[in-house]
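Undergrad: I'd like to ask you about the structure that follows.
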Amino acid sequence: MESRKPTEVVKDVVEAAAAKVTDALTPDVPGKPGSVTPSLTEPTDPTGPPPPSKEQGTPETVSPTGAKTGAPPISNAQQGEFLTTSTGTRLRDTDHSLKAGPRGPILMQDHHFREKITHFDHERIPERVVHARGTGAHGYFVGYGTAADVTTAAFLAKDVRTDVFVRFSTVLGSRGSADTVRDTRGFATKFYTEEGNFDLVGNNIPVFFIQDAIKFPDIIHAGKPHPDREIPQAQSAHDTFWDFVSLHTEAQHHTMWNMSDRGIPRSYRMMEGFGVHTFRLVNAAGETALVKFHWKPKLGVHSLTWEEAQLIAGVDPDYHRRDLYDAIEAGAFPEYELGLQVFPDTPDETFAGVDLLDPTKIVPEELAPVQPVGRMVLDRTPTNFFAEVEQSAFHLGHLPPGIDVTNDPLLQGRLFSYVDTQITRLAGPNFNQIPINRPHAPVNDMLRDGFHQQAVHGGVAPYRPNSLDGGNPFPAGADQGTFADLPVTVTEAPKVRANPASFADHYSQVRLFWLSMTPVEREHIINAYTFELSRCFHQEIRERQLQCLANIDPVLCAEVAAGLGLPAPKPSEPLLEEVAPSPALSQIGQEWPPDGRVIGIVVGPETGGTEDVDAVRRTILGAGMVPLVIGPHGGLIGDLTVQRTFAAARSVEFDALLLAAAPPPSPDAVPARDSKAGASDSATVDPRVLLLVDECWRHGKAIGAWGAGAEALQQVGVAGSPGVVTADGGAAALTALQPLLALHRVWERFPASVA
């Protein structure tokens, strides 16, 4: 038998122990970095690149001109066992520059150094001016076949499956900003249809700040950090934003949505999407209709509380990105239904008194129901964030046959701006040849050369007409799936810089939104306006915005004015009294599936009773949710693997909390080490557990306990309050908790002071 060195034996024992913890974590808890379990020491045996993790996807392996190559997805990744230059020459050393002697200067001939550093110096492309902070995922879309009456778009036909890539984002912040700021979210979907790419570039808010694209630089300059100090980052709570929107009052509707809970979504999985604009569709008979696009999340529309959003921005700035990827990894695939609001294509392009070309207006769903036309599932995360998320390029002019634009002046301007932006940001006109942007349909254009040309074009005649290439490419006939610009009549009129008179109403729909909110949602809106305006330096701006609020609703204005210590002005315009609220605008009052919800389970240092906790954990997993065990220390407690310690856990990670114990203060509950420990000298329960319970209660989350865990509820003083349940065992506590999750939060804990 071969003798082994003591260090080798120790190494094996340590690695086996580490593997036990890793293996215990891997099946149940998302977030494992990479597909390979690392060894304790640096690997020395050459191996090939690791395979992608099970939840990862990559762009379809098509050529720059859209031909399917049949190559496996990993053919886009690095190849071989050995380190090489960018041209495939193997390298012996990448840790030392080529120098004139060990202490000499670096030699100019060091081609590897220059290649490595030059590429590093240019790793970053200019970030997007807006929507810089984003994340994305791959998935698929399946049509229901219910849209045939209004469009010939093939991807909406029954059971047609289309690959998609979705990019979610915030608008104002830079790439390094936090996910949970109060802001509009982007919801951009690239459909790789058989008729060419269709980019549905939307937001989580159905209206926009402006009616004409010429004002886009103004609203973004106003919302971005002040140019002199470059603060504040990723927020609208400052003078320039409120200066603009209080003067340019067409922005008041979008601003109200942002000040509502819609401005701080709980998750990208729980966020509606809207195409914002009105589009024109055409069916096989040549009949046209006007439509608005809607994405409806399977899990419902939910938001964070304001305190949660602030805590998360510090605890986990990547919260929405992590939530999306963890859900996909856990198999709780985000799912959305695409729907259409359909309107007759009348000469005045209005419906129920709403000008359909005004992007600051909605049509209430009660007047024009959203008709489902297909389902989207996101089931794969990016393999390389830069290559896919950052290089994805969207454009509203990417339209398949059957879908066309309207004369919405904001949409018209975006048709120019998006191409112009991509040429600058992605360094040339060939951005559609980047793998994430490549269509999955054949491409035979006559566009040639330019920066980053990746196609190797054949032929000699990229022009029409030609005979040298046999006439190729040929125009397609009307019956061959071509895109046609619809022959919409343009009314004879003088050239003017003006809006139609119907665009002048800036307050009635803002009032509609306010009156459609439940009392607790109105409280949140009041708090948001009060906070944001209190951050403005100039009193004049606060007073001017209060005048806008007075034109929306006297209660809203009076409550915000009281918070600012200012008198409430009288309306300067007549209030619209006859307003029928739209229940579809409220997020509260329905029940939703619990898929992907995260439940924290507090355990103590003792090893007894872990079987009950493990049974609860497995039941949570079986219900499509994610359990995280919270313990006094990492590693194992009995047979349970701890995913969060008392020192690391915060309430904002969890949708609900279960307590299997009321653990005493841990040795690390020392205020000098962890300020959350507070004054813990006389505490009988770890103060960080009590803080966890208290925060969950304040944020309206369901809380359950069994056995000794009920003691923690007593000490915090929340036992017996709405949404707090106790039971004899873990299974019973979880059963009592689950109906509460369907409501998202326990709002009855917080009686509203406004009707």
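Undergrad: Considering only residues of segment 535-549 that are touching a helix residue (DSSP H, G or I) at 6+ places or on another chain (Cβ under 6 Å) and part of a helix (DSSP H, G or I), which is most open to solvent (accessible area, probe 1.4 Å)?
TA: Taking segment 535-549 as the starting set, the residues that turn out to be touching a helix residue (DSSP H, G or I) at 6+ places or on another chain (Cβ under 6 Å) are 536-538, 541-542, 544-546, 548-549.
Subsequent filtering for residues that are part of a helix (DSSP H, G or I) retains 541-542, 544-546, 548-549.
Numbers: I541: 12, R542: 39, R544: 70, Q545: 0, L546: 2, C548: 5, L549: 0 Å².
Filtering first and then ranking leaves R544.
Undergrad: Which count do you get for residues in segment 302-326 that are in contact with a helix residue (DSSP H, G or I) (Cβ under 6 Å, 6 or more places away or on another chain) and open to solvent by less than 40 Å² (accessible area, probe 1.4 Å)?
TA: 7
Undergrad: Looking at Y140, is it open to solvent by 50 Å² or more (accessible area, probe 1.4 Å), among the hydroxyl-bearing types (S, T, Y) and in contact with a strand residue (DSSP E or B) (Cβ under 7 Å, 6 or more places away or on another chain)? Break it down stepwise before answering.
TA: Numbers: open to solvent by 50 Å² or more (accessible area, probe 1.4 Å): no; among the hydroxyl-bearing types (S, T, Y): yes; in contact with a strand residue (DSSP E or B) (Cβ under 7 Å, 6 or more places away or on another chain): yes.
Here the answer is no, as Y140 does not meet what is asked.
Undergrad: I would also like to ask the following. Touching a residue at least 24 places away in the same chain (Cβ under 8 Å), surrounded by fewer than 15 Cβ atoms within 10 Å (Cβ to Cβ) and on the phi < 0 side of the Ramachandran plot: is that true of F431 in this structure? Show your work before the answer.
TA: Details: touching a residue at least 24 places away in the same chain (Cβ under 8 Å): yes; surrounded by fewer than 15 Cβ atoms within 10 Å (Cβ to Cβ): no; on the phi < 0 side of the Ramachandran plot: yes.
So F431 fails the test.
Undergrad: Could you please give the count of residues in segment 491-504 that are in contact (Cβ under 8 Å) with a residue 40 or more places away in the chain, out of contact with any helix residue (DSSP H, G or I) (no Cβ under 9 Å at 6 or more places or on another chain) and assigned to a loop (DSSP other than H, G, I, E, B)? Explain how you work it out, then say what you get.
TA: We begin by selecting, within segment 491-504, every residue in contact (Cβ under 8 Å) with a residue 40 or more places away in the chain; these are 499-500, 502-503.
Filter again for out of contact with any helix residue (DSSP H, G or I) (no Cβ under 9 Å at 6 or more places or on another chain), leaving 500, 502.
Now restrict to residues that are assigned to a loop (DSSP other than H, G, I, E, B): 500.
Adding up the residues that qualify gives 1.
Undergrad: Among the residues in segment 103-110, are any closer than 22 Å to G48 by Cβ, small (G, A, S) and either open to solvent by 50 Å² or more (accessible area, probe 1.4 Å) or modelled with pLDDT under 85 (or both)? Before you say what the answer is, go through the steps one by one.
TA: If we filter segment 103-110 for residues that are closer than 22 Å to G48 by Cβ, which is where we start, we get none.
Within segment 103-110, none of the residues are closer than 22 Å to G48 by Cβ, small (G, A, S) and either open to solvent by 50 Å² or more (accessible area, probe 1.4 Å) or modelled with pLDDT under 85 (or both).
Undergrad: Further, regarding this structure: Quickly run through segment 651-670 and pick out the residues that are out of contact with any Pro (no Cβ under 9 Å at 6 or more places or on another chain) and open to solvent by 30 Å² or more (accessible area, probe 1.4 Å).
TA: E653, V670
Undergrad: Continuing with the same structure: Condition check: in contact (Cβ under 8 Å) with a residue 60 or more places away in the chain and within 19 Å of P583 (Cα to Cα). Does E349 satisfy that?
TA: Numbers: in contact (Cβ under 8 Å) with a residue 60 or more places away in the chain: yes; within 19 Å of P583 (Cα to Cα): no.
When the stated conditions are applied, E349 does not pass them.
Undergrad: For the structure I just gave you, tell me whether P569 is open to solvent by less than 50 Å² (accessible area, probe 1.4 Å), touching a Leu at 6+ places or on another chain (Cβ under 9 Å), in contact (Cβ under 8 Å) with a residue 60 or more places away in the chain and not small (G, A, S). Before the answer, list the steps.
TA: Details: open to solvent by less than 50 Å² (accessible area, probe 1.4 Å): yes; touching a Leu at 6+ places or on another chain (Cβ under 9 Å): yes; in contact (Cβ under 8 Å) with a residue 60 or more places away in the chain: no; not small (G, A, S): yes.
Here the answer is no, as P569 does not meet what is asked.
Undergrad: Mind telling me which of the residues D420, D379 ends up being free of Cβ contacts under 8 Å to residues at least 12 places away in the same chain and within 25 Å of the chain's Cα centre (by Cα)? Walk me through it before giving the result.
TA: Working: D379 fails: free of Cβ contacts under 8 Å to residues at least 12 places away in the same chain.
Among D420, D379, only D420 is free of Cβ contacts under 8 Å to residues at least 12 places away in the same chain and within 25 Å of the chain's Cα centre (by Cα).
Undergrad: Can you say whether I231 is within 24 Å of Y529 (Cβ to Cβ), of a type in the set (V, I, T) and touching a Ser or Thr at 6+ places or on another chain (Cβ under 7 Å), as far as the supplied structure shows?
TA: Values: within 24 Å of Y529 (Cβ to Cβ): yes; of a type in the set (V, I, T): yes; touching a Ser or Thr at 6+ places or on another chain (Cβ under 7 Å): no.
The answer is no for I231.
Undergrad: Checking V150 against (1) at pLDDT 95 or above; (2) farther than 29 Å from Q56 by Cβ; (3) open to solvent by 70 Å² or more (accessible area, probe 1.4 Å); (4) not polar (S, T, N, Q), only one condition comes out false. Which one?
TA: The one condition V150 does not meet is (3).
Undergrad: What are the residues in segment 306-346 that are farther than 22 Å from D595 by Cα and assigned to a loop (DSSP other than H, G, I, E, B), if any?
TA: Within segment 306-346, P317, D345, T346 meet the criteria.
Undergrad: Determine which member of the set T84, T118 is among the polar types (S, T, N, Q) and either open to solvent by 60 Å² or more (accessible area, probe 1.4 Å) or closer than 30 Å to K224 by Cβ (or both).
TA: Details: T84 fails: either open to solvent by 60 Å² or more (accessible area, probe 1.4 Å) or closer than 30 Å to K224 by Cβ (or both).
After ruling out the rest, the residue left standing is T118.
Undergrad: Mind telling me which of the residues P359, P369, P344 ends up being touching a residue at least 40 places away in the same chain (Cβ under 8 Å), open to solvent by 10 Å² or more (accessible area, probe 1.4 Å) and within 26 Å of L281 (Cα to Cα)? So that I can check it myself, show each step before the final result.
TA: Values: P359 fails: open to solvent by 10 Å² or more (accessible area, probe 1.4 Å); P369 fails: touching a residue at least 40 places away in the same chain (Cβ under 8 Å).
None of the other options fit; the residue is P344.
Undergrad: Please determine whether any residue of segment 456-476 is closer than 23 Å to F155 by Cα, without any contact (Cβ under 8 Å) to a residue 24 or more places away in the chain and assigned to a loop (DSSP other than H, G, I, E, B). It would help to see each step written out before you state the result.
TA: Filtering segment 456-476 down to residues closer than 23 Å to F155 by Cα leaves 475-476.
Checking which are without any contact (Cβ under 8 Å) to a residue 24 or more places away in the chain leaves us with 475-476.
With assigned to a loop (DSSP other than H, G, I, E, B) added as a condition, the list becomes 475-476.
Scanning segment 456-476, I find at least one residue that is closer than 23 Å to F155 by Cα, without any contact (Cβ under 8 Å) to a residue 24 or more places away in the chain and assigned to a loop (DSSP other than H, G, I, E, B), so the answer is yes.
Undergrad: Within segment 575-593, how many residues are open to solvent by 60 Å² or more (accessible area, probe 1.4 Å), under 22 Å from I525 (Cα atoms) and at pLDDT 90 or above?
TA: Number of matching residues: 5.
Undergrad: Among the residues of segment 189-205, count how many are touching an Asp or Glu at 6+ places or on another chain (Cβ under 8 Å) and open to solvent by 10 Å² or more (accessible area, probe 1.4 Å).
TA: Taking segment 189-205 as the starting set, the residues that turn out to be touching an Asp or Glu at 6+ places or on another chain (Cβ under 8 Å) are 189-192, 204.
Imposing the further condition that a residue be open to solvent by 10 Å² or more (accessible area, probe 1.4 Å) reduces the set to 192.
Number satisfying all stated conditions: 1.
Undergrad: While we're on this one: Return the only residue of G458, G402 being more than 30 Å from E329 (Cα to Cα) and open to solvent by 20 Å² or more (accessible area, probe 1.4 Å).
TA: G458
Undergrad: While we're on this one: Provide a single number: the residues in segment 479-493 that are of a type outside the set (S, T, Y) and open to solvent by 100 Å² or more (accessible area, probe 1.4 Å). Talk me through it step by step, then tell me what you get.
TA: Going residue by residue through segment 479-493, those that are of a type outside the set (S, T, Y) are 479-481, 483-488, 490, 492-493.
Narrowing the set further to residues that are open to solvent by 100 Å² or more (accessible area, probe 1.4 Å) leaves 479-480, 485, 487, 490, 492.
Selection size over segment 479-493: 6.
Undergrad: Please determine whether any residue of segment 390-400 is among the hydrophobic types (A, V, I, L, M, F, W, C) and in a helix (DSSP H, G or I). Outline the logic, then answer.
TA: From segment 390-400, those among the hydrophobic types (A, V, I, L, M, F, W, C) are 393-394, 396, 399; that's our starting set.
Pick out the ones that are also in a helix (DSSP H, G or I) and you get none.
Within segment 390-400, none of the residues are among the hydrophobic types (A, V, I, L, M, F, W, C) and in a helix (DSSP H, G or I).
The rows are residues; the columns are (1) surrounded by fewer than 11 Cβ atoms within 10 Å (Cβ to Cβ); (2) modelled with pLDDT of 85 or more; (3) on the phi > 0 side of the Ramachandran plot; (4) part of a loop (DSSP other than H, G, I, E, B).
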residue: A18; (1), (2), (3), (4): no, no, no, no
residue: G31; (1), (2), (3), (4): no, no, yes, yes
residue: V36; (1), (2), (3), (4): no, no, no, yes
residue: E60; (1), (2), (3), (4): no, yes, no, yes
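Undergrad: Report yes if some residue within segment 347-355 is more than 22 Å from E250 (Cβ to Cβ), modelled with pLDDT of 95 or more, among the aliphatic types (A, V, I, L, M) and surrounded by fewer than 22 Cβ atoms within 10 Å (Cβ to Cβ); otherwise report no.
TA: Within segment 347-355, the first condition is being more than 22 Å from E250 (Cβ to Cβ), and the residues that meet it are 347.
Pick out the ones that are also modelled with pLDDT of 95 or more and you get none.
For segment 347-355, residues more than 22 Å from E250 (Cβ to Cβ), modelled with pLDDT of 95 or more, among the aliphatic types (A, V, I, L, M) and surrounded by fewer than 22 Cβ atoms within 10 Å (Cβ to Cβ): absent.
The values are calculated or read from the model by the stated rules, or taken from the named source; none is laboratory data. Treat the numbers as computed from the prediction; the structure is a model and nothing was measured. Because the Cβ atoms are built from the backbone with ideal geometry, glycine has one as well, and the counts that use them run over all protein chains shown. Note: accessible area is taken over every heavy atom of the protein model, side chains too, but ligands, DNA and RNA are not part of it. Shrake-Rupley method; radii C 1.70, N 1.55, O 1.52, S 1.80 Å.
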